[in-house]
Amino acid sequence: MKIKDFSDINPQPSSPIHERPFIDYIDTSSVENGVFTGAEHMTNSFPSRAQREIKTGDILISSVRPNLRHNYFVKKSEHGMIVSSGFIHIRVLDLQKVSPLFLYYFLTSPTQVHRYEKVAESSQSAYPSFNKSLIEETDFPDISLPVQLRIAGLRKLLNWRRWRNLSTSVGLSSLSIQTLTDGRTSPMAARWFGMKR
């Protein structure tokens with residue numbers, strides 16, 4: 001199953017953005033490695049890149065200079081929050097099969113970011129970038145929703161560095177990831193999670 005099979009990529013806004021009285025604008029520089037630093041309130045002269053209307057549970061992946069990791073999971077969206085078209089905007093449509101938070105962790109894993117960097121480095125634009133098709137055509141791990149929720153819960157509590165340190169200190173790396181996934185994980189998921197399968 002590819003990500004495009006259960007997601008809306010760069011969904012259209014509910015109404016024309018340029019006709020709105022105000023927006024709270026989020027540029028790629030407004031987030032870094034999952035941390036939101038703030039929006040800019042605007043009442044006129046909106047940037048031409050202000051094109052994406054976000055909702056709670058949406059995923060933002062920067063398509064420009066992916067090595068800088070300007071990616072974000074929208075935990076809470078207020079009315080009028082608009083983000084730059086420099087983001088690839090992903091909205092999960094089938095919540096019975098896919099956890100948006102798990103998908104965010106998957107798309108921002110080291111393996112995926114490395115893919116973005118390789119494609120961006122070969123781009124012909126003035127700056128390293130990639131387009132939405134790279135994400136649309138990405139294969140999603142064959143993991144059940146309950147297991148996705150369990151993994152996402154763990155990753156929410158522990159950032160990647162702390163997870164790696166914990167796995168070393170308590171011997172998690174010597175355990176199969178099947179311990180977390182009830183034996184139903186895929187090789188792709190095992191490689192992503194950084195553990196032996």
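Bear in mind these aren't lab numbers, they're just calculated from the coordinates by the rules spelled out. Only a predicted model underlies this, so the values are computations on that prediction, with no experimental measurement involved. Neighbour counts run over all protein chains shown; Cβ positions are idealised from the backbone, glycine included.
Things worth noting here:
- Along each principal axis, Cα extent of segment 3-140, largest first, Å: 40, 40, 24
- Stretched out straight at 0.36 nm per residue, the stretch from SER144 to PHE6 would grow longer than its current Cα-Cα span by 48.3 nm.
- Contour excess over end-to-end distance, with Cα ends at LYS76 and LEU93 and 0.36 nm allotted per residue: 4.4 nm
- Three principal axis lengths of segment 94-137 [C-alpha, angstrom, descending]: 40, 19, 13
- Sparse packing (at most 14 other Cβ atoms within 10 Å of the Cβ) combined with a DSSP loop state is found for the following trypsin sites (Lys or Arg not before Pro) in segment 1-93: LYS55, LYS75, LYS76.
- The calculated FRET efficiency for the pair ILE17 and SER125, based on their C-beta separation and a Förster distance of 35 Å, comes to about 0.90.
- Order of TYR72, TYR105 - criterion: other Cβ atoms within 10 Å of each residue's Cβ, fewest first: TYR105, TYR72
- Counting neighbouring beta carbons within 10 Å and listing from fewest to most, the residues MET42, MET81 come out as MET42, MET81.
- Here is the list for segment 21-64: chymotrypsin sites (Phe, Trp or Tyr not before Pro) lying in DSSP coil, each with at most 16 other C-beta atoms within 10 angstrom of its C-beta, are PHE22.
- Sorted by Cβ density within 10 Å, fewest first, the residues PHE6, PHE106: PHE6, PHE106
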